[in-house]
2 protein chains.
Amino acid sequence: MADKIFRVNMTDLSAAVEKVPATWMGLGGRGLTSTVIAAEVEPTCHPLGAGNKLVIAPGLLSGTQAANSGRLSCGAKSPLTGTIKEANSGGTAAQMLARLGVKALIIEGIPQPDSWYGLHVTAAGVTITTETELIGLGNYEVIERLNARLGDKIGVISIGPAGEMRMTAANISIKDPGSRIRSSGRGGLGAVMGSKGIKFITIEASEAKVEIARPEDFLGASRAFAKALIDNPISQALGQYGTNVLVNIINEAGGLPTRNFTAGQFAGHEKISGETMHDTIVARGGKPKHNCHPGCVINCSQIYNGKDKKYLTSGFEYESIWAMGADCCVDDLDHIAEADHIMDDLGLDTIETSVAFGVAMEAGVLPFGDGAEVCRMLREEVGRGTGIGRIIGGGAGSVGRAFGVTRVPTVKNQAIPAYDPRAIKGIGITYATSTQGADHTMGYTIATNILGVGGKLDPLSNEGQVELSRNLQIATAAIDSTGMCLFIAFAALDDANCLPALIDMINARFGIALTADDVTNLGKTILKTERAFNLAAGFTSQDDRLPEFFRTEPIAPHNVVWDIDNAAIDSFWEF
Amino acid sequence: MADKIFRVNMTDLSAAVEKVPATWMGLGGRGLTSTVIAAEVEPTCHPLGAGNKLVIAPGLLSGTQAANSGRLSCGAKSPLTGTIKEANSGGTAAQMLARLGVKALIIEGIPQPDSWYGLHVTAAGVTITTETELIGLGNYEVIERLNARLGDKIGVISIGPAGEMRMTAANISIKDPGSRIRSSGRGGLGAVMGSKGIKFITIEASEAKVEIARPEDFLGASRAFAKALIDNPISQALGQYGTNVLVNIINEAGGLPTRNFTAGQFAGHEKISGETMHDTIVARGGKPKHNCHPGCVINCSQIYNGKDKKYLTSGFEYESIWAMGADCCVDDLDHIAEADHIMDDLGLDTIETSVAFGVAMEAGVLPFGDGAEVCRMLREEVGRGTGIGRIIGGGAGSVGRAFGVTRVPTVKNQAIPAYDPRAIKGIGITYATSTQGADHTMGYTIATNILGVGGKLDPLSNEGQVELSRNLQIATAAIDSTGMCLFIAFAALDDANCLPALIDMINARFGIALTADDVTNLGKTILKTERAFNLAAGFTSQDDRLPEFFRTEPIAPHNVVWDIDNAAIDSFWEF
């Protein structure tokens, strides 16, 4: 069965199944979402209007037996940044869509105001149904009720109240194997889905298998690939402590942004660290090691129970814990977990929303450290769409504008995540130059700046950071197209067997003969496609800048500022 | 006494008096504010940070006996648009500053958070005093208390609570001859003043006279100039009905934006027209004819009393009445007047704030037409800085982002004023290309498109509109530098004696010999200086666009869309 493009038009409520154009054939995940958006979306259109499209695509290897290949890419013009956007996530949807032969689901148009729909995807196409029952509900209940409606094997992609209200911090939620929530977090894609009147997309469970052109080659390569992942020491640390292993590491490096980016170390770091989290999870009968999609061999996720030993949250990531923890000075892991749960349920990007709270704390809206008030405001203000709730639901930049705050950690209006660019210079290049606003996952220089993966580059030196970020951004654009989790990068950078095995799998899947250079060129092409979209939308090199305060306010303990020349930043694009 | 630059640094609370650099000598008003900002403000700086400067400058002829020469220019990088900004206003301050020999007052730096100051300007310089008593008060009470403190002859430039809260719709208020309020309305300059911790600037009354190099020449020219203004029929209509004479005219033309820009005519237009206003004013013992600064011969202002025959508002302009009236569907002039009073008192741009209410009505925050609720929200939400109050105080774009509205009438994030660009094409070119966001005063094509001044150009045709807007924008930049009210343009365009007399006055004042070409070149230079600032700040031709909906939604009664080519728009800058 050849893969198809499933296309839905929400203006006239029609659906079609189309052949994959030849030029899209070798693309998947981010490579495909960005290509479709660049081809079909007017760069200057209103992101919440009829001209924007939401493109959902599994990766090239999604649905196969390849380890860690279950990432789903969601793309659109972002209402938060105004740039092109791809946000990817675990969960079961990517693999399920791939098995149904869905190369991409393209959703276009907008329906009449205040009309809501559910989409259901089968191998035959998409059906569109008016929805009333689930409108206004949180993602947890939406998944539960859809499981009850259609059986718990279905896949679910949904938005919470934040997406319904078209808040620009709204994310898209993806059901994981335990009917919990993974998020396509960044850039407000939940608002795009909300603007199209779609509360949820359900995906029929299928026994069908993805076609493999050369099954034996695939099997051999997939074993070598899985071994590389399993043997990698960072993979192992991620499995033990989750991504939150980074709290102590980044704090030690002096790059843990604290109290709305006014310091690089957090006094309460031990209380919110991966080690403390691990012990708490074990003591409360949670699950310290857990996968976000079938076939993952790293298992960096976890189930975090509350004091009552009942489920509180899962997929409890370093960046979420940093944002509500160090950045808001909340040193109580239970408050952070509760906030994480509420944000998942409302369908809010935990980074954007928590950094927005940090700016609100600086503005005096609530005190730094008041985790209980954060939870109350999430439920009663953001969840109900009050004035202050909408300001926070608009993200960090929104709070800064509403309260006239000048220390607003954003690039292209997207909140800067958990690594201070003054103390870790490479990541500052990624924040500044990324086609998608500040986003650590676009070129994770922490690997080389801090973790010693792929070599070692002094985080405090300006030398070599542009090249490091460029190489990683190119590689990441390619990895984001495969359906692979970004965490394969640690093995890919340090284990000579990993990357060849990955390429072998792609070749065996499609019966082609890509080289490593082809993969690099794919990454370059994706970045250039995305950049061209942004330039046509009106972005310039002046947008590839960190906020002014990073240049003027030194950060303790290293007492360093962001001091990489603008010309050096702009040289990023010389490739 | 030679003119001086008065410079105040709010970071170290110092003040200095400086010689005027030779290159600034021939400049005044907007020409000077924009030149200073371009020279001294980093285009990418945060508008509310230490790097921005607030520049206040009388015009070249301010302080002389020239009719209508009392406009004051305030300039800065705008926190609303991110562009360079000049907003000018009547009131007594321009003439008083000019008589003290103040060529420009430049305010730089920012003080410690939550510290407030008053500035006092005398011929000797500026003194800075800590202020507590007046913080939080509205402009009316600020003026009253300062009159009591320093005598009612002082000049006052102040901000209301909106500026203190750094709302991006906040304006700067200027005391008028009756101790009432005129506003430097657009672009959020009140937030810049607020960010610098300045609640008010008082100006010592002085008997000093502005030096005139050739007094007899000046006297002759000023008489010819005043006669041209007095004889002009549009000046006369403005004196009779105020600027609000336009409600019926623009409604008839089908270009009166109604119900958040969804129609071009308002059923309630008669109830809010200049004719109705005039009769109401007369019936209630108000004053239909009133000046905003001494020496005005047009007198387009008025005192509007409430039902109780007591003062309700003044300077009640067409654009304010349109915005709260037709755009919000409020057809009760008393509600509009009350809202106008509150906005003046809080220090809010009436256009930006009222258009923001129109967008909020579209979002369902309050019903269209509910003037009482508007007044309540202005007092209790905006005035107190609640969440929804700050969303509205952030202007139309802010409301659109907070509620995910796509029909948001802004250019460069500044609200489009009272003339629909689909039905009056020339003004659309001005909105799109202005260096300052949507602003009718930057190139008032209504003169030629609708009023038949300076020729006649069909408002519904695309032909010639770029050239019309270009010529008017160049002329306006020059006029805005003289201290002259923009309404001299009607006489200048149609009376052959007017412009030569204006140039003669400038030449007589400074003992120079400018030609009409020099004046045109001054206008061109100002526009290019402003544009260069914006380009360096990251603006591109993609920002010189009207919102998408103007191209896709035809407006009744003419059922026309905005359909001028982007390439034609961009040709504006070919001069």
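Computed from the coordinates by the stated procedures, all read-outs in this text should not be read as laboratory data. Treat the numbers as computed from the prediction; the structure is a model and nothing was measured. All Cβ positions, glycine included, derive from the backbone under ideal geometry; neighbour counts span all protein chains shown.
What is the sum of charges, Lys and Arg at +1 and Asp and Glu at -1, for the other residues whose Cβ falls under 15 Å from the Cβ of B:Asp152?
Once all neighbours under 15 Å are counted, the net charge is +1.
Take B:Thr122 and A:Lys524, extend 7 Å from each Cα along the Cα→Cβ direction, and tell me the distance between the two endpoints in nm.
7.0
Sorted from fewest to most neighbouring beta carbons within 10 Å, what does the list B:Asp349, A:Asp504 look like?
A:Asp504, B:Asp349
Restricting things to Cα coordinates, could you compute the convex hull volume per residue of the protein assembly as shown in Å³?
Hull volume normalised by residue count: 153 Å³.
Say a label goes 7 Å from Cα toward Cβ at B:Arg384 in every copy; what distances in nm does this one have to the rest, shortest first?
1.5
Give me the inter-chain shielding for B:395-403: mean count of other chain Cβ atoms within 10 Å, whole number please. The partial results should precede the final answer.
On the way: counts 1, 0, 1, 5, 1, 2, 14, 13, 6.
Counting Cβ atoms of other protein chains within 10 Å of each residue's Cβ and averaging gives 5.
Compute the signed sum of charges (Lys and Arg +1, Asp and Glu -1) over the other residues within less than 11 Å, Cβ to Cβ, of A:Arg545.
So the surrounding residues net to -2.
If I model a spin label at B:Glu211 and B:Ala267 as a point 7 Å from the Cα along the Cα→Cβ vector, what separation in nanometres do I get?
According to this spin-label approximation, the distance is 6.4 nm.
Taking H as built 1.01 Å from N, whose amide H comes closer than 5 Å to the amide H of A:Ile198, not counting residues under 5 places away?
When sequence neighbours closer than 5 places are left aside, the close amide H contacts are A:Tyr117.
What are the distances, in nm and sorted shortest first, from the label point of B:Lys456 to the label points of the same position in each other copy, with each label point placed 7 Å from Cα along the Cα-to-Cβ direction?
List, nearest first: 8.3 nm.
Please figure out what share of the DSSP beta bridges in region A:4-203 is antiparallel and state it in percent, rounded to the nearest 5.
If I count the DSSP bridges inside region A:4-203, around 75 percent turn out antiparallel.
Starting from the coordinates of the alpha-carbon atoms of region A:243-419, obtain the Kirkwood hydrodynamic radius over all distinct pairs and give the value in Å to one decimal.
Evaluated on region A:243-419, it is 16.0 Å.
Note down the net charge around B:Thr243, summing +1 for each Lys or Arg and -1 for each Asp or Glu among other residues with Cβ under 10 Å from its Cβ.
Values: positive: none; negative: B:Glu317, B:Glu319.
Its environment carries a net charge of -2.
Arrange the peptides A:402-408, B:525-531 so that the one whose residues have, on average, the most other Cβ atoms within 10 Å appears first.
Top to bottom by mean Cβ count within 10 Å: A:402-408, B:525-531.
Loop only by DSSP, 13 or fewer other Cβ within 10 Å of the Cβ. Give me the trypsin sites (Lys or Arg not before Pro) in region A:361-394 that pass, ordered by residue number.
In loop regions of region A:361-394 (DSSP not H, G, I, E or B), the sparsely surrounded trypsin sites (Lys or Arg not before Pro) are A:Arg384.
If each DSSP helix of 4+ residues adds -39,500 (n - 2.57) and the sum is divided by the residues in the protein assembly as shown, what number results at 222 nm, nearest 500 deg cm²/dmol?
One gets -11000 deg cm²/dmol as the mean residue ellipticity at 222 nm.
Put a point 7 Å out from Cα along the line to Cβ at B:Ala283; what are the distances to that point in the other copies, in nm, shortest first?
7.7
Note down the magnitude of the dipole of region A:4-203 about its Cα centre, charges +1 on Lys and Arg C-beta and -1 on Asp and Glu C-beta and zero elsewhere, to the nearest 20 debye.
520
Which chain A residue comes nearest the axis with its C-beta when you rotate A onto B, and by how many angstrom?
Spelled out, residue of A and its Cβ distance from the axis onto B: A:Gly387, 1.
Across region B:4-203, what fraction of all alpha-carbon pairs, as a whole percent, falls in each successive 10 Å bin from zero upward?
It works out to 10, 41, 40, 9, 0, in whole percents.
Å³ per residue of the Cα convex hull, for chain B?
127
Cross-link candidates for B:Lys53: which lysines have Cα within less than 25 Å, leaving aside residues fewer than 8 places away along the same chain?
Candidates past the 8-residue exclusion: A:Lys412, B:Lys4, B:Lys19, B:Lys77, B:Lys85, B:Lys103, B:Lys175, B:Lys196, B:Lys199, B:Lys412, B:Lys524, B:Lys528.
Between A:Leu460 and A:Ser571, what is the FRET efficiency for a Förster distance of 25 Å, r being their Cβ-Cβ separation, to the nearest 0.05?
Numbers: r = 20 Å, r/R0 = 0.81.
The computed FRET efficiency comes out at 0.80.
Rounded to the nearest 20 Debye, what is the dipole magnitude of chain A about its Cα centre when Lys and Arg each give +1 and Asp and Glu each give -1 at the C-beta? Numbers along the way, then the final one.
On the way: 49 positive and 63 negative charges, 211 e Å.
That gives chain A a dipole magnitude of about 1020 debye.
Using a basic spin-label model with each label point 7 Å from the Cα along Cα→Cβ, how many nm lie between B:Ala496 and A:Arg223?
Roughly 10.0 nm, to one decimal.
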